[in-house]
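Bear in mind these aren't lab numbers, they're just calculated from the coordinates by the rules spelled out. Note that this is a predicted model, so its numbers are computed, not measured. As a convention, Cβ positions derive from the backbone with ideal geometry for all residues, glycine included, and neighbour counts pool all protein chains shown.
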Amino acid sequence: MKKTLLSIILWGSMAATGLSQSPTPSASQAKGPPNPTASPAPNLSPAHKYFSDVELINQNGEKLRFYSDLLKDKVVVISSFMATCTAACPPKNRNLEKIQEAAGDRLGKDVLILSISVDPMTDTPQRLKDYAKIYHAKPGWHFLTGKKENVDWALYKIGQYTEDKQDHVNIIVMGNEGTGLWKKAFGLAAAPDLIKVFESVLNDHPAKAN
């Protein structure tokens, strides 16, 4: 097995009816950013309560709720980046472009790619719209920005928050919200290896009841 595949880590399992193992922030972000959300309503699902509905804005200027619009009942591929990054971000985004191709006509339906900026003050929707064109982003690949406190909270909830934007990670998170399967992969791995992980998450099925 290639070394890149060895870097793929099972992130945790979230049952469709509740979080059996909620995504745990890394030690480096244990403190975390301030919580910008209000106390969740008691009737929300565990996943909804965990991820929250902080408002993000995509490259088209559309306001989107993190859980309800971008995660619920979706298979998602999530990465952090900033448009001014010229080192790791371009090859990582090229890999996302390959995953976009692998998603086919399911992209924008039950599959979404979420690229969340770690520099929302600079990465405005218009800037991200221009940036998305570089990678031939199709509907269903959202380049996300917004109020810094909201963006920081979304990043924190998927384990990619960092106080210094220069320290953003090269990890891609892939999840099947319906089945609760979540995986991490090294974003600079070979594209075919990343596609294998994506397909394993995409084709996951809910556990059968006894």
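What to note about this one:
- Sites Met121 and Asn203 - FRET efficiency at Förster radius 30 Å, r taken between beta-carbons, to 0.05: 0.20
- Too-long pairs where the Cα-Cα distance tops 30 Å, listed order kept, from Lys92/Lys208; Lys147/Lys208; Lys74/Lys165; Lys49/Lys208; Lys138/Lys208: Lys92/Lys208; Lys147/Lys208; Lys138/Lys208
- Hits among aspartates and glutamates - C-alpha to C-alpha of Lys109 under 13 Å, sequence gap 8 or more where chains match: Asp69, Asp73
- Between Asp105 and Lys138, the modelled labels are 1.0 nm apart [label points 7 Å from Cα along Cα→Cβ].
- Using a simple spin-label model with pseudo-atoms 7 Å out from Cα toward Cβ, Gln166 and Asn35 lie 3.2 nm apart.
- Selection of trypsin sites (Lys or Arg not before Pro), the stretch 123-210, meeting DSSP coil and at most 13 other Cβ within 10 Å: Lys208
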